[in-house]
Structure formats: structure tokens, C-alpha cells
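Colleague: A single structure is presented below for examination.
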Amino acid sequence: MSELPQARASRCINLCSKAMAVYGEAFASDPDFDAGLSDIWCNMTARAIGPDDGEVSMDACCDKSRQCYREY
């Protein structure tokens, strides 16, 4: 029996990267993003640190318990 595809967790609307700007919702197909080479930042702070002083990353910015999280 094959496994069903897993839905990606909702991310914060303020999470941004160059791959997202260039590829839109197909950003995961960017080879640099896939290799972890694409810079990621928070639009609220324009840095790799969120307004809650937490890390900005795809995993960290899918955490709905963060005070700054706003669902995309």
C-alpha cells in the first residue's frame, strides 16, 4: 500500500525568500532553496530573526504557537 502525499504545514505570511519572490508558490523547485542556499527572512523585521527574537526558517515559521505567527 502506498503512502498518501503529506500536506505542508501552513507557514507564516511574513516568511519570505528570494526563491518565493522569483518562483512564487513553486519556490521549492528552486535548486538553491532545495539545497538550503536561499536566504530566508521575516518581512516584519527584514532579518533572519523574527519579532519574537526567534529563528526565521521554514520549520520555525510554521509553528503556530509563536506570538508573531500569522497564517498564510
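Colleague: Out of the residues in the stretch 52-62 that are in a loop (DSSP other than H, G, I, E, B) and at pLDDT 95 or above, state the one that is surrounded by the most Cβ atoms within 10 Å (Cβ to Cβ).
Modeller: Just the residues of the stretch 52-62 that are in a loop (DSSP other than H, G, I, E, B), to begin with: 52-54, 56-59.
Add one more test, that the residue is at pLDDT 95 or above, and what stays is 52-54, 56.
On the way: D52: 13, D53: 8, G54: 16, V56: 24.
The qualifying residue surrounded by the most Cβ atoms within 10 Å (Cβ to Cβ) is V56.
Colleague: Just a yes or no: is a residue in the stretch 30-40 out of contact with any helix residue (DSSP H, G or I) (no Cβ under 9 Å at 6 or more places or on another chain) and crowded, with 17+ Cβ neighbours inside 10 Å?
Modeller: Among the residues of the stretch 30-40, not one is out of contact with any helix residue (DSSP H, G or I) (no Cβ under 9 Å at 6 or more places or on another chain) and crowded, with 17+ Cβ neighbours inside 10 Å, which makes the answer no.
Colleague: Turning to a different aspect of this structure: Could you figure out which of (1) at negative phi; (2) exposed (fewer than 15 other Cβ atoms within 10 Å of the Cβ); (3) at pLDDT below 95 isn't true of I49?
Modeller: Evaluating I49 over (1) at negative phi; (2) exposed (fewer than 15 other Cβ atoms within 10 Å of the Cβ); (3) at pLDDT below 95 leaves (3) as the failure.
Colleague: Looking at (1) part of a loop (DSSP other than H, G, I, E, B); (2) more than 11 Å from the chain's Cα centre (by Cα); (3) small (G, A, S), which is the one condition that is false for A21?
Modeller: Of (1) part of a loop (DSSP other than H, G, I, E, B); (2) more than 11 Å from the chain's Cα centre (by Cα); (3) small (G, A, S), only one is false for A21: (1).
Colleague: Condition check: free of Cβ contacts under 8 Å to residues at least 40 places away in the same chain and surrounded by 14 or more Cβ atoms within 10 Å (Cβ to Cβ). Does A19 satisfy that?
Modeller: yes
The values are calculated or read from the model by the stated rules, or taken from the named source; none is laboratory data. Not measured: the values here are computed from a predicted model. When we count neighbours, we look across all protein chains shown, and the Cβ atoms used for this are built from the backbone with ideal geometry, even at glycine.
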